[in-house]
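Notes follow once the structure below has been shown.
Just so you know, all these numbers are worked out from the coordinates, no wet-lab data involved. Predicted model, so just to flag it, every value in this text is computed and none were measured. Note that we place each Cβ from the backbone using ideal geometry, even for glycine, and neighbour counts take in every protein chain shown.
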Amino acid sequence: MGLFDVKIISEHFGVPEAKGLEYYERKGGYRNARKACGMAPESIAAEVQASNLRGRGGAGFPTAMKWSFVPKDADTVYLVVNADESEPGTFKDRHILFWNPHMLVEGMIIASVALKVRNAYIYIRGEMAREYQVLQAAIDEAYAKGYLGERIFGSGTSLDITVYRGLGAYICGEETALLSSLEGGRGWPRLKPPFPAVKGLWGKPTIVNNVETIANLPWILEHGGKAFADLGTGRSGGLRLVSVCGHVNKPGVYELPLTVTGRQLIDEVCGGIKGGRKVKGVIPGGVSMPVLAPDELDVPFEFDALQKDERIREVEVRPGQKFDLGGNRTLRTMAGSGGVVVMDDTTDITQAAWRIVHFFAEESCGQCTPCREGTGWLAQVAHRIAFDHGRAGDVDLLASIADGIAGNTICALGDAAAWPTLAFLTKYRDEFEAKVRNAHRPKGAA
Amino acid sequence: MAGSEPLTKMQRHPSFRARKAVPGKELSPQELSPQIEARIQQLWPRFPEGRAGQALCLPVLYLAQEQFGYVDAAVVDLVAARLGLTAAHVTGVATFYFMINKARPGRYHLQVCTNIGCQLMGAYDVFERCKKRLGVENKGTSADGNVTLTEVECLAACGYGPVAQIAEREKPEIPLYFENLDAKRIDAILDALAEGRVPTELGN
C-alpha cells in the first residue's frame, strides 16, 4: 500500500449508503462499541493512552491526558462532542457527520464507557442543517436497535445521546463557550481553570472532544492503541483529516499521514496550484494560525513539527522583536484544525489579512475589552491598508494592536486574531508597506 | 399585542424597536405550535432536573423562528413564559446568535459566504453581483419582499467556494448549499428565485 492508502475515517466518504446502520455494521461497525461495553473503563483509557491520539479540534492536546483530569470520585460525568466546526478553511468534521455518522456514535459509546458517562451531547453547528438530519437519523437508528438508550447491547451500560444545535456563533466552538451555549445561554467563554474536565456542564466534570477525535476510537479499539501510535510520528498517533481550500487544482478533504509536508500536500495530494502558478502563502490549520511562506513548506504538517521546526520563522511584533507567547516561548505556527488555505502569487495578502481579522471582529463575543475593541480596530486599520487608504504608521499600528490583544483575553479568540495578523506582517511586511506608500491620498495630504 | 397598549420596558429595547415597522406584524404569535410542544416534551428529560428550561432556550427559539419567521418581543415573551425564564434572558440569547432573525426576512434568505476560502475564489464578485441585481445592501430585502441577502461567515464548505446557502420561508428546515459559484451560476440562482422557486438542480 502506498503512503496515502491507509484510511481510518474516510474510507466510505462519498458512498451514499454508508450513512445507514446496515452498511456500517456490514463493514464491522458497532463491533467495538459492543466490545467496549464488556471492558473495564481503565483498559479503554489505557488503549487511548497508548495510541498517542491528540485532539483534532485545534490545540492537539493528548486525549488520554484530558480524560485523566476527570476526578475519580465524580458522580456525574458528561461527554460533549464539539461538532461546531466553524474555523474558516476547515470542513472535515462536516464530512464525517454527513458520510459517517455511525462512526461518531460508536466512538461516543466507547468514550462514554471509558468515562462512565450516562448522558452525552453533540453540539452541532446551526448552519449544518443537512448534517443534523443525517446525524439525528443515525442516532434514531441506533436507538431502534438498542445500541443507545437503556442497557445498550444488553449490557449494564446505559447511554443517551442528544443532538443540540447551535445558532450561528463561531465562539461556541471554544469549549467553555460551547458549554455556556449548551446550558441555554449566550456563548460566553469562561475562565480556565477550572477546566471543564473538573467543572464543566452544570458544574459537573465534562469532557469536550472534537468529532474527528472521537471517530478514531473504534479503530483504536479494533487494532489496539499501539497500532494507531505506529501510524503516526513522534508524540502524535494516527492519521489526520486535512481539508484544503484555495488555489489548488483538487481542493477537498484528505486523510493523510502526519509526516506529509506542506509541499507534498499541495503538489502530490492536491494536484498543484491552479493554472501552474506559484504558491505565495499557506495557512496550515485554520485562519487562527500563522501563515507559512513558500520557503517554509518542507516541514511536516504535524502538531510538534509546526510549533518547533526551525525552518519556520518566528513571528515578530516588529522587525527584530520576537512575539512573546508567554513563558519565554516564541510562536512559529500550529497544526490547528487541519484547515489548509493555499494562496497563489496573484493573492493580495493585505486583503486576505483584512478578511481574516474582519471575521474575528464579527465573531468576538464582546466579553473582554482587548478583543471586543481590538478586533474591530484591527479590521478597520487592515481595511484601509488593503483598500488603498492606508496612513503613515498604519503597519506598526496594526502590529501594536495585535500585540495588545494577544494573551489578554479569557479565551483564545483574541490570540486567534492577533497571531495571523502578526505573522502576515512578519512575512509580507513589504507588501503592507507598499500598499500604504501607494495609497490614494486626498489632495494636499502628506 | 394590541397597538394601543403601552410598550413594556423590554419592548422598548432598541433590538426590538424595528418590530413596529415589520410587515406581517398581524401574525404576532398567540401560542407555540403543537410540534414545538412535542419537541419540548421529548427533550426535557435529556437535561438534569431544574436545568431543562434554560437548556431548551436555543432549540425552542429556533423552532419558534421556524413557526413565525422571526423572533420579536412577542415571541420572546412566549418562549420565556413556556420555559420559565425571564424575558431578559431570552432576549439576551436571541440577540447573541446570528441565525435568529430579529425581523421578518424575505421569502428566500440568500446567504453568501465571503470568508477566506470563498474570497480567494471570487466571493466578493458574487456578492456584489447579488447586491446589484437585488438592489439591496448587506442584510437588505428586495423591494418585492422576495429575497433577503446576507453576507455570512464560513459555512464549512471552503474547498468548493464561493458558497451560498438558501433558506426558504416555507421550508426553513432544509437550506440548500450552492457551491463553486460564478457570475453565470449566481445569475441562474437569482433568476430562479425571482420566478419563485429554489433551483435545487444547482444545489447540493
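Helices assigned as whole DSSP H runs in chain A whose Cα atoms extend at least 30 Å along their own long axis and whose mean Kyte-Doolittle hydropathy is 1.6 or higher are not found. Computed from label points 7 Å out along Cα-Cβ, the spacing between A:Lys308 and A:Gln321 is 2.9 nm. Each residue in A:Asp415, A:Asp75 was given a count of other beta-carbon atoms within 10 angstrom of its own, and listing them fewest first yields A:Asp75, A:Asp415.
What fraction, in whole percent, of alpha-carbon pairs in the stretch A:10-231 exceed 33 Å separation? Considering the stretch A:10-231, 8 percent of its Cα-Cα pairs are separated by more than 33 Å.
Note on the protein assembly as shown: Rg/Rh from C-alpha atoms, Kirkwood Rh, equals 0.96. Rounded to whole numbers, the Karplus 3J(HN,Hα) couplings from phi for the stretch B:83-93 are 9, x, 10, 7, 4, 4, 5, 5, 4, x, 5 Hz, using 6.51 cos²θ - 1.76 cosθ + 1.60 with θ = phi - 60°, and x at Gly and Pro. Counting Cβ atoms of other protein chains within 10 Å of each Cβ in B:158-168 and taking the mean gives 4. When both bridge partners sit in chain A, DSSP labels roughly 45% of those beta bridges antiparallel. Our helix-only sum for chain A, with -39,500 (n - 2.57) per DSSP H run of n ≥ 4 divided by its residues, gives a mean residue ellipticity at 222 nm of -11500 deg cm²/dmol.
A straight line joining the Cα centroids of the stretch A:329-348 and the stretch A:209-228 runs 27 Å. Pairs over the 28 Å Cα-Cα cut-off, from the set A:Lys226/A:Lys308; A:Lys72/A:Lys92; A:Lys27/A:Lys226; A:Lys7/A:Lys322: A:Lys72/A:Lys92; A:Lys7/A:Lys322. Semi-axes of the equivalent ellipsoid of the stretch A:61-142 are 24, 16, 11 Å, computed as sqrt(5λ) over the eigenvalues of the C-alpha gyration tensor in descending order.
When the charge dipole of the protein assembly as shown is built from unit charges on Cβ atoms (+1 for Lys and Arg, -1 for Asp and Glu) and taken about the Cα centre, the candidate among A:Ala111, A:Trp99, A:Leu258 whose Cα reaches farthest toward its positive end is A:Ala111. Counting beta carbons within 10 Å around each of A:Phe424, A:Phe303 and listing the fewest first gives the order A:Phe303, A:Phe424. Taking θ as phi - 60° and the Karplus parameters 6.51, -1.76 and 1.60, the scalar couplings of the stretch A:5-11 work out to 8, 6, 9, 9, 9, 8, 3 Hz in sequence order, x denoting glycine and proline.
Under 11 Å from a label point set 7 Å out along the Cα-to-Cβ vector of A:Glu362, the amide N atoms of the stretch A:79-123 belong to A:88. For the stretch B:125-142, the Karplus equation 6.51 cos²θ - 1.76 cosθ + 1.60, evaluated at θ = phi - 60°, returns couplings of 4, 5, 5, 4, 5, 4, 4, 5, 5, 8, x, 9, 9, 3, 6, x, 10, 4 Hz by residue, with Gly and Pro reported as x.
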